[in-house]
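The values are calculated or read from the model by the stated rules, or taken from the named source; none is laboratory data. Owing to the predicted nature of the structure, the values given are computational and were not obtained by experimental measurement. Positions of Cβ are backbone-derived with ideal geometry, glycine not excepted, and every protein chain shown enters the neighbour counts. Only protein heavy atoms, including side chains, enter the accessible area calculation; ligands, DNA and RNA are left aside. Shrake-Rupley method; radii C 1.70, N 1.55, O 1.52, S 1.80 Å.
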Amino acid sequence: MKTIFLLLSFIALASCSSTKYNQQIQASSETQIINSLLDNIYTIKLCYPDYRFSNKSNKKFRINKRRLSSIEERDTIQKIVILKNNHLDELLIEEKTKNYIRQKLGETSKAYQVIKNSEKLVSLQFNPELLKQKRVKFLTKKQAELRNINTSRFGKQDSILNVGFMYFSRVYYSPKHNYGFFKYTYIGGGTCGFNALIFFSKKKEKWHYEQTFGLGVF
């Protein structure tokens with residue numbers, strides 16, 4: 001009888017621990033995860049290198065209004081990033097892509113294993129307004145159009161700098177929920193754009209950037 005009681009107590013304790021753990025997983029916000037990794041995956045210098053500035057010498061240049069006039073302006077002007085919408089897209093990785101990742105990373109790598117055996121984050125919570133980065137404002141296409149911002153035009157627009165579009169996929173986890181990834185797409189105008197998988201880990205309740213795996217440029 002004592003053995004049965006102990007067994008039932010253990011099952012109840014395990015069930016409570018599992019429920020508490022699942023609640024913690026459900027409380028994880030995809031916005032929070034993406035937000036904490038932004039500084040590791042994006043920089044304003046990405047598609048606005050110094051050669052586009054017009055004041056690199058004492059000669060007078062006719063300044064293109066869509067370009068920046070100086071490095072100082074680049075660092076101080078209000079920047080905007082246009083998001084596709086206010087939800088995250090499902091991510092389907094084709095076998096061809098999986099084979100490419102396996103060849104590059106190896107079958108035993110954490111990154112490949114989490115792709116092979118992953119599950120979606122339980123809680124679908126994405127709020128673009130909560131994305132924060134120094135001197136960068138994130139707007140959905142609809143929000144930008146309501147502010148009379150031309151979303152199809154990259155570069156300087158009056159007192160703002162449209163640095164491009166960003167798309168994010170759902171967040172996917174390893175079975176132990178301590179390693180994960182999502183797809184990141186950036187389009188910065190012209191030939192400036194790429195797709196990549198962003199891998200991250202969870203240590204001491206914090207999200208840590210692990211690596212970027214490029215899927216192609218355009």
- Message: Order 98-111, 72-85 from most to least packed using the mean count of other Cβ atoms within 10 Å.
- Response: 72-85, 98-111
- Counting only C-alpha contacts under 8 Å and six or more residues apart, can you give the relative contact order of the stretch 114-168 as a whole percent? 15 percent
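Rank VAL217, VAL163 by accessible area, highest first, at a 1.4 Å probe radius?
Working: VAL217 125, VAL163 0 Å².
Sorted by accessible area, descending: VAL217, VAL163.
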- Item | Solvent accessible area, Å² - PHE154, 1.4 Å probe, full protein context | 40 Å²
- Under a Cβ-Cβ cut-off of 11 Å, what is the net charge of the residues other than PHE165 that fall near it, where Lys and Arg count +1 and Asp and Glu count -1? +2
- Query: So how exposed is ASP158, as accessible area in Å² (1.4 Å probe, rounded to 10)?
  - Reply: 140 Å²
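Excluding ALA111 itself, calculate the net charge of residues whose Cβ lies under 12 Å from the Cβ of ALA111, where each Lys or Arg counts +1 and each Asp or Glu counts -1. Working shown, then result.
Values: positive: LYS98, ARG102, LYS104, LYS110, LYS116; negative: GLU107, GLU210.
That sum, taken over residues with Cβ under 12 Å, equals +3.
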- Message: Can I get the semi-axes of the stretch 69-156's equivalent ellipsoid? Compute them from the C-alpha gyration tensor as square roots of 5 times the eigenvalues, in angstrom, largest first.
- Response: 35, 18, 13
- Message: Quick check on the stretch 83-218: of the DSSP beta bridges with both residues there, what percent are antiparallel, nearest 5%?
- Response: 90 percent
- Task: Might you work out the accessible area of TYR209 for me, using a 1.4 Å probe with all protein chains in place, and round it to the nearest 10 Å²?
- Result: 80 Å²
